[in-house]
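Encoded as structure tokens, the structure appears first; notes follow it.
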Amino acid sequence: MHRRTFIKTTAVVGGSFTLAGSAAWAQATSPKESLWFDRCMRWAQLAFVETDPGNYDPDFWLDYFKRLHADGVLLSAGGIVAFYPTKVPLHYQSAWLKDKDVLGYLVNGCRKMNMSVILRTDPHAARQNVVDAHPDWIHTNINGDKRKHWANPELWVTCALGPYNFDFMKQVNQEIMTRYQPDAIFSNRWSGHGICYCEHCKRNFKAFSGYDLPRSTSVNNSTAMASGDKNDPAYRKYVAWRTERLRELWFLWDSEIQKQKATARFIPNGFPDKLVTGQNSDFFFADQQARSGVIPPWSNGKHAKELRATMGMKPQVGIFSVGVEEQYRWKDSVQDNAEIKIWVAEGTANGLLPCFVKFGGQIYDKRWLTTVEKLYQSYYKNEKYLRNTAPLARVGVVYSEQTAKNYGDKAWQKNYPDHANGVYHALIEDRMPFEMVNDRLLDAEHLKPYKLLILPNIAVLSQAQCDQLRQFVNAGGSLVATFETSLYDEEGKQRPDFGLADLLGVSYNQEVEGPLQNSYLRLKSDASTNTFHPVLKGLEDAYRIINTTHRVKVKPNGTFPSPVTLVPSYPDLPMEDVFPRKPDTDTRELYLREVGKGRIAYIPGDLDRAFWQIMSSDHGKLLRNTIRWALNEAPLVDVTGPGIIDVTAWQQKNSMTVHIVNLTNPMLLKGPFRELIPVDAQVSIRVPKNKKVTGVHLLLSEQKPAFTIKDGLINLKVSQLADHEIIALDVA
């Protein structure tokens, strides 16, 4: 397998990433030549259609890029369609191209403005001439038939893991590099669309695993993923083989590209493993272009945080579409400007560099142009405050691709992502700065920035991962864990007890109850002091609240306070019978304990998932209070006032910034935003003890606000926050 020779290791030191490289890397990054991917801050993408050559105005786009102060561009070059005069056999050239090189014209124009240039390929489909010459290059269905394209019947779907990509597309990449010397090649839909049963995949998978290809799978064309039986050993081997094969392809294309230009990169559009992505990327495009269905705007920030957990502070570009991204794929559509603003605000606040994508070079609807132009001009003006060096968050939410792959077969384990979504939304409502943490990066250096880790049903953990969490707690860290966290090993096999039983203070009692019908949580004060525990703040007048939908039965291994206990299910019909048979029990539904300098909270119910599914405000309060109790320190930022506001905090070379994004909108969970609804926010920022503030700015509204400094706190008001504000503190 080809390895990327320019990176030896990726390490974390004090929360920021540093790279140690080989001689080739040192040469490529010498002081005489700055890294293009570290320089660029504002990107533009034109995804051409075949009829664009000769029919669109490249000078309009060059002028638009200039007005935007865009310093990087992503342009379609080849694969399904070549937008330049290609000489690679079987590489289909646009019938509208004729004898012109319109791609070269645009590349040269961008270079004159000192823009970095990335050229895009798409290898996922081919025409009949390819099928006739090399039928083995085409994706083969389980019945042996070659697969027609699901959207365009004139095309055939290619096999991503065979010679089409490994041989043919390597030639295309070589021609593009030779002709244009771009800074990178970015490949869209490069990783395949479901399990291919061609002769190459059959032979290669058999050699890798000893198994025949799994046969019980379904395919999602939009996500390019196949799903199968997690308990089938052949399918589990297939997942591992596909990941390894794609990594091999990535490294092959990357090494071949660098033979022609040492600083160039291959950039895959997505990879099935975020850890591999982070370890092997110097620069990455986060391609979550817009909302679809019931997705909150903060999902753009969540995607960024998950990638940053493995990439550190290496540049991430957030591609956002000016069009609608729904299942019916109206690619020539235009979104409401309010929706564009809030999506881009969420990406920028969470560390993504903006990149708009326009499908087709011709413009049918101009309404988005001014909005994007103003956003980019504002980011250009405040560029130094967007060159973040580290996030300033003390709370980390663990996410687990390992659990997602090896968990979920039982009835109570369905909708696994809802656990993380519930915690994420609770933290948004709490205005708490936080980051995501990859469960395979739980070593002391990666966890160094955090005081609190939240484990939203991180059910699948190895013994080594459990030991790392113990070390975190022994060093003074705190944990909040829910539901079946640590009950399964890294392969998804159930343990007789929680892997973290000693930390949680409870043992598994061999049963999961649910779904719970008409069950409640009893909230009560301490019998000896008649005071309420801090986890019940704001709930003191609530005798009981609705329960979760499922709960793990556990046995306590010590003494605990009892602020939250179980009211078992009782009939909900007929109305005359709706009364509790047991109004209270001594069964705790929240286990709280202190371990050294840390605190641990274990919630045996699926409180996080229930919160996301039901959106009970009581569940949100209980989650937020429990998180604040476990954190046990004043947060860096406090934001008060009405509405739902996302808060992130960053460090730069000579400043720190607090981003506040106003998500207050009736379309929060079902888009698009029609309008922005302004709110007022009172903000308090805790200044680090070794820093002196020399200036305070509201960057996007271009104001110098009135503020006070007392006891290390800067207090100020942000009036009429519509979508996004950046509070910048110049520090010395």
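Table: residues versus (1) at pLDDT 95 or above; (2) of a type outside the set (Lys, Arg).
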{"site": "Glu256", "(1), (2)": "yes, yes"}
{"site": "Lys259", "(1), (2)": "yes, no"}
{"site": "Ala262", "(1), (2)": "yes, yes"}
{"site": "Ala290", "(1), (2)": "no, yes"}
{"site": "Val294", "(1), (2)": "no, yes"}
{"site": "Pro297", "(1), (2)": "yes, yes"}
{"site": "Asn300", "(1), (2)": "yes, yes"}
{"site": "Glu306", "(1), (2)": "yes, yes"}
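The criterion of being in a strand (DSSP E or B) and among the β-branched types (Val, Ile, Thr) holds for Ile714. Would you say Pro123 is touching a Gly at 6+ places or on another chain (Cβ under 7 Å) and of a type outside the set (Gly, Ala, Ser)? Here the answer is yes, as Pro123 does meet what is asked. Comparison of Pro85, Pro53 shows that the only residue that is at pLDDT 50 or above, part of a loop (DSSP other than H, G, I, E, B) and surrounded by fewer than 18 Cβ atoms within 10 Å (Cβ to Cβ) is Pro85. Please work out if Leu453 is in a helix (DSSP H, G or I) and within 18 Å of Ala601 (Cα to Cα). Criteria not met by Leu453. Where strands (runs of 3 or more DSSP E) sit wholly within segment 645-710, those with at least 1 residues that are of a type in the set (Gly, Ala, Ser) occupy 645-651, 655-662, 679-686, 693-698.
Looking only at residues in segment 398-415 that are over 16 Å from the mean Cα position of the chain (by Cα) and aromatic (Phe, Trp, Tyr), which one is surrounded by the most Cβ atoms within 10 Å (Cβ to Cβ)? Residue satisfying both the conditions and the ranking: Tyr407.
Of the candidates Pro272, Pro297, the single residue that is surrounded by fewer than 21 Cβ atoms within 10 Å (Cβ to Cβ), in contact with a helix residue (DSSP H, G or I) (Cβ under 9 Å, 6 or more places away or on another chain) and outside any helix (DSSP H, G or I) is Pro272.
Scanning segment 420-432 for residues that are assigned to a loop (DSSP other than H, G, I, E, B) and buried (at least 22 other Cβ atoms within 10 Å of the Cβ) yields one hit, Met432. Considering segment 132-250, the qualifying strands (runs of 3 or more DSSP E), each wholly inside and each with 2 or more residues that are modelled with pLDDT of 95 or more, run over 184-187. Comparison of Gly558, Gly538 shows that the only residue that is within 27 Å of Leu631 (Cβ to Cβ), assigned to a loop (DSSP other than H, G, I, E, B) and over 36 Å from the mean Cα position of the chain (by Cα) is Gly558. Within segment 705-721, residues that are modelled with pLDDT of 95 or more sit with their Cβ atoms under 8 Å from residues that are surrounded by 13 or more Cβ atoms within 10 Å (Cβ to Cβ) and of a type in the set (Asp, Glu), at 6+ positions apart or across chains, in these pairs: Lys717/Asp680; Val718/Asp680; Val718/Glu725; Ser719/Asp680; Gln720/Asp680; Leu721/Asp680. For segment 581-600, the set of residues classified as under 31 Å from the mean Cα position of the chain (by Cα), within 22 Å of Gly514 (Cα to Cα) and surrounded by fewer than 23 Cβ atoms within 10 Å (Cβ to Cβ) consists of Tyr591 only. When segment 561-580 is filtered for residues that are in a loop (DSSP other than H, G, I, E, B) and buried (at least 18 other Cβ atoms within 10 Å of the Cβ), the ones remaining, listed by number, are Ser562, Pro563, Ser569.
The values are calculated or read from the model by the stated rules, or taken from the named source; none is laboratory data. A quick note: this is a predicted structure, and the numbers were derived from the prediction, not measured. Cβ coordinates were reconstructed from backbone atoms using ideal geometry, including for glycine residues, and neighbour counts include every protein chain displayed.
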